Amino acid sequence: MRFIADFFLLAALSLILAVSGWHTSAAAADKPDTPQSVQQNDLQLPIYSPPKHVTPRARVGGTLRGAEGNEPEIVALVPDHVGLTVKRTPTLNWFLSKQTTYPLFFTLNDAQNILPIYEGLLPAPTTPGVQSIDLKTLGLALEPNVQYRWFVSARRNPDSPSQDIVAGGMIERCEFSECLMITSVNTTCDQNSVRTNAMASMWYEAIACVSSLIDQEPKDPSLRRMRAALLRQAGLNGVADWDLKSIQAKSN
């Protein structure tokens, strides 16, 4: 009798262990098979937090078709609402799909002026990709709490402005002392400040910094993944895809 009791006890324990092991295996199977290093990298990607009060449809253009046509495509690297900055002379970023012989122009205006504050010719980029416009170099400064519109245009026909290829967005400068009262702003430029400023709604600080870091280290894939993450959150998937494809191109 003792032997039979021990037999059933061992059988019961084996069944419990088998069921427990099955549940553990099933739970593990439900989780994606992602290396720990990839999970850690994903956790470090910037997360953009839009301002609480946004103006929709603030972006002009924004799609990248990727068609192999003769015409260049221009994309302003901005969200589809008024992007914020704390800088008087921020850097604006835009994308050019291919080199072009069309003259390129930069225009800046605000709601308080009928005529543009500035309109001038841009230097022709030597390579396609992400470009920058330094307002300080142009002698331009933003007033606080004023919404500005900016545009980059390729002039296909000087006699017909309606044929221009145009992209642009909106920007507003938040007074630094006022911004510090509602959020944390990082005035340095490194990977941590990209994440901090994106979370603090400072789009222009985040995108300008990560683009500057890429210019310094073009073969660093983590930087391109950071910028691609920001671009996807702004709905700029075409340029984000270009950035991710550049990782493979730079590694070859």
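The values are calculated or read from the model by the stated rules, or taken from the named source; none is laboratory data. The shown structure was predicted, so the numbers you read here are calculated from the model rather than taken from an experiment. No Cβ is skipped: glycine too gets one built from the backbone with ideal geometry, and neighbour counts run over all protein chains shown.
Looking across segment 206-252, the residues that are of a type in the set (Lys, Arg) and more than 12 Å from the chain's Cα centre (by Cα) come down to Lys219, Lys245, Lys250. All conditions in (1) under 21 Å from the mean Cα position of the chain (by Cα); (2) farther than 20 Å from Arg173 by Cα hold for Phe105, with the sole exception of (1). For segment 130-152, the candidate set comprises residues that are of a type outside the set (S, T, N, Q) and surrounded by fewer than 17 Cβ atoms within 10 Å (Cβ to Cβ); within that set, the residue that is nearest to Tyr204 (Cα to Cα) is Asp134. Residue selection: Trp203 satisfies the criterion of being closer than 22 Å to Pro51 by Cα, buried (at least 23 other Cβ atoms within 10 Å of the Cβ), within 14 Å of the chain's Cα centre (by Cα) and at pLDDT 95 or above.
In this structure, does Thr196 turn out to be of a type in the set (Ser, Thr, Tyr) and surrounded by 15 or more Cβ atoms within 10 Å (Cβ to Cβ)? The answer is yes for Thr196.
In segment 102-116, of all residues being at pLDDT below 95 and loosely packed, with under 15 Cβ neighbours inside 10 Å, the one that is nearest to Pro161 (Cα to Cα) corresponds to Leu115. For segment 219-238, the criterion of being assigned to a helix (DSSP H, G or I), closer than 25 Å to Val60 by Cβ, free of Cβ contacts under 8 Å to residues at least 12 places away in the same chain and of a type in the set (D, E, K, R) is satisfied by at least one residue. Within segment 132-153, can you find the residues that are closer than 20 Å to Gly61 by Cβ and either among the hydroxyl-bearing types (Ser, Thr, Tyr) or in contact with a helix residue (DSSP H, G or I) (Cβ under 9 Å, 6 or more places away or on another chain) (or both)? Those that are closer than 20 Å to Gly61 by Cβ and either among the hydroxyl-bearing types (Ser, Thr, Tyr) or in contact with a helix residue (DSSP H, G or I) (Cβ under 9 Å, 6 or more places away or on another chain) (or both): Ser132, Tyr148, Ser153.
For segment 38-61, the condition holds for at least one residue, the condition being that it is more than 25 Å from Cys189 (Cβ to Cβ), assigned to a helix (DSSP H, G or I) and at pLDDT below 95.
Segment 83-172 holds strands (runs of 3 or more DSSP E) entirely within its bounds, and those carrying 3 or more residues that are on the phi < 0 side of the Ramachandran plot and touching a residue at least 24 places away in the same chain (Cβ under 8 Å) map to 83-85, 91-96, 104-110, 129-134, 147-154. Residue selection: Ile214 fails the criterion of being modelled with pLDDT under 95, out of contact with any Gly (no Cβ under 9 Å at 6 or more places or on another chain) and under 21 Å from Thr127 (Cβ atoms).
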